[in-house]
Amino acid sequence: MSAPCVLVFGGLDPSGSAGILADAEAIHALGARPLCVATALTVQTTRGVKRWEAVSVALVTESAHALLSEENVRAVKVGMIADGKVAEAIAKLLSPRRDLPVVIDPVLQASSGTLLFKGTLQQARDAYLSLASHALITPNLLEAAALLGLSRQPEDAVGLEQAARALVAKGVRAALVKGGHLAGEPVDVLAMGGVVEHFEAARIRGAARGTGCRLSSAIAAGLALERPIRESVVAARALVRDYLTQAAAWR
Ligand code: PLP
């Protein structure tokens, strides 16, 4: 049997800054094998997204179905899903595979401002949350506010914790709300069942892209290797911190 695989749904960023190339790098680094289904093709450089087109739902479904049937898939990571129909297709594909741990990194817009979901905010919220009842979800501040319909983003660790608990109350299995964009020192908050944990570390200055893709994929790799969620989060944070340190050195 081949190495444990992570099946990834996400956008192709040909520059490798974000999307499925970044996902694959992180998954490989942690010792699992990436299987990547492109949900969208983007025109993109390291500077940012210029435009994108969705891949047909039929192609996404056929590709994922083939991989699920023939490869040793042990975990799933969902990044950019492009539109609600792809979320429905993924839910259908995964319904006979409730054994698979799922990590969802909701992708709503690029840091350059380009929207990365075709549809309204409400449709994006419904699409990502429809996949999350068995999943760990990893929103940043903006995404957490969007998923919860908050008019303001969380502004401190207390707000992050409230958002993480609120996502669990909405039926998400576990939520890791990322505070990298907080003013001051960053903190990520993990809520799971009734338990909440804060992960703190000194800020690494720099502007590397694709950190969210790498973090969620690295967590999925840990889960594919049958590590517990908390241990997978710790290892994934360490991987992203190394990536940020290397990126800062190249500036
Ligand atoms: N392109 C793809 C395919 C992505 O998945 C993402 C974010 O997850 C982006 C672009 C945006 O990356 P950034 O927020 O670093 O601009």
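The values are calculated or read from the model by the stated rules, or taken from the named source; none is laboratory data. What you are looking at is a predicted structure, and each value in this text was computed from that prediction instead of being measured. Because the Cβ atoms are built from the backbone with ideal geometry, glycine has one as well, and the counts that use them run over all protein chains shown.
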Yes or no: PRO154 of a type outside the set (Phe, Trp, Tyr), surrounded by fewer than 19 Cβ atoms within 10 Å (Cβ to Cβ) and farther than 15 Å from VAL103 by Cα?
no
Odd one out for GLY84, checked against (1) closer than 30 Å to ARG205 by Cβ; (2) among the small types (Gly, Ala, Ser); (3) away from the ligand (no atom under 16 Å from the Cβ):
(1)
Under the condition of being in a loop (DSSP other than H, G, I, E, B) and within 19 Å of ASN72 (Cβ to Cβ), which residue from segment 1-21 is farthest from the ligand (Cβ to nearest atom)?
MET1
Report, by residue number, each residue of segment 53-76 that is free of Cβ contacts under 8 Å to residues at least 60 places away in the same chain and among the polar types (S, T, N, Q).
SER56, THR61, SER63, SER69
Can you name the residue in segment 29-43 that is in contact (Cβ under 8 Å) with a residue 40 or more places away in the chain and surrounded by fewer than 18 Cβ atoms within 10 Å (Cβ to Cβ) and, of all such residues, is farthest from the ligand (Cβ to nearest atom)?
GLY31
Of the residues in segment 44-75 that are within 10 Å of the ligand (Cβ to nearest atom) and assigned to a strand (DSSP E or B), the one that is surrounded by the fewest Cβ atoms within 10 Å (Cβ to Cβ) is GLY48
For GLY113, state whether it is more than 15 Å from ALA18 (Cα to Cα) and part of a loop (DSSP other than H, G, I, E, B).
no
Out of curiosity, is VAL195 of a type in the set (Val, Ile, Thr) and in contact with an Asp or Glu (Cβ under 9 Å, 6 or more places away or on another chain)?
no
Considering only residues that are more than 16 Å from the chain's Cα centre (by Cα) and touching a residue at least 24 places away in the same chain (Cβ under 8 Å), which ones fall in segment 140-152?
GLY149
Does any residue of segment 24-38 turn out to be more than 14 Å from the chain's Cα centre (by Cα), over 20 Å from THR114 (Cα atoms) and at pLDDT below 95?
no
Somewhere in segment 153-160, is a residue outside any loop (DSSP other than H, G, I, E, B) and of a type outside the set (Gly, Ala, Ser)?
yes
Those residues of segment 221-251 which are free of Cβ contacts under 8 Å to residues at least 40 places away in the same chain, assigned to a helix (DSSP H, G or I) and surrounded by fewer than 18 Cβ atoms within 10 Å (Cβ to Cβ), in sequence order
GLU231, VAL234, ALA238, ASP242, GLN246, ALA249
Flag if VAL103 is out of contact with any Phe, Trp or Tyr (no Cβ under 7 Å at 6 or more places or on another chain), touching a residue at least 40 places away in the same chain (Cβ under 8 Å) and either surrounded by 15 or more Cβ atoms within 10 Å (Cβ to Cβ) or closer than 21 Å to CYS5 by Cβ (or both)
yes
Where residues in segment 99-158 are under 26 Å from ARG237 (Cβ atoms) and hydroxyl-bearing (Ser, Thr, Tyr), which of them is farthest from the ligand (Cβ to nearest atom)?
SER133
Could you tell me whether ALA40 is assigned to a strand (DSSP E or B) and in contact with a helix residue (DSSP H, G or I) (Cβ under 9 Å, 6 or more places away or on another chain)?
yes
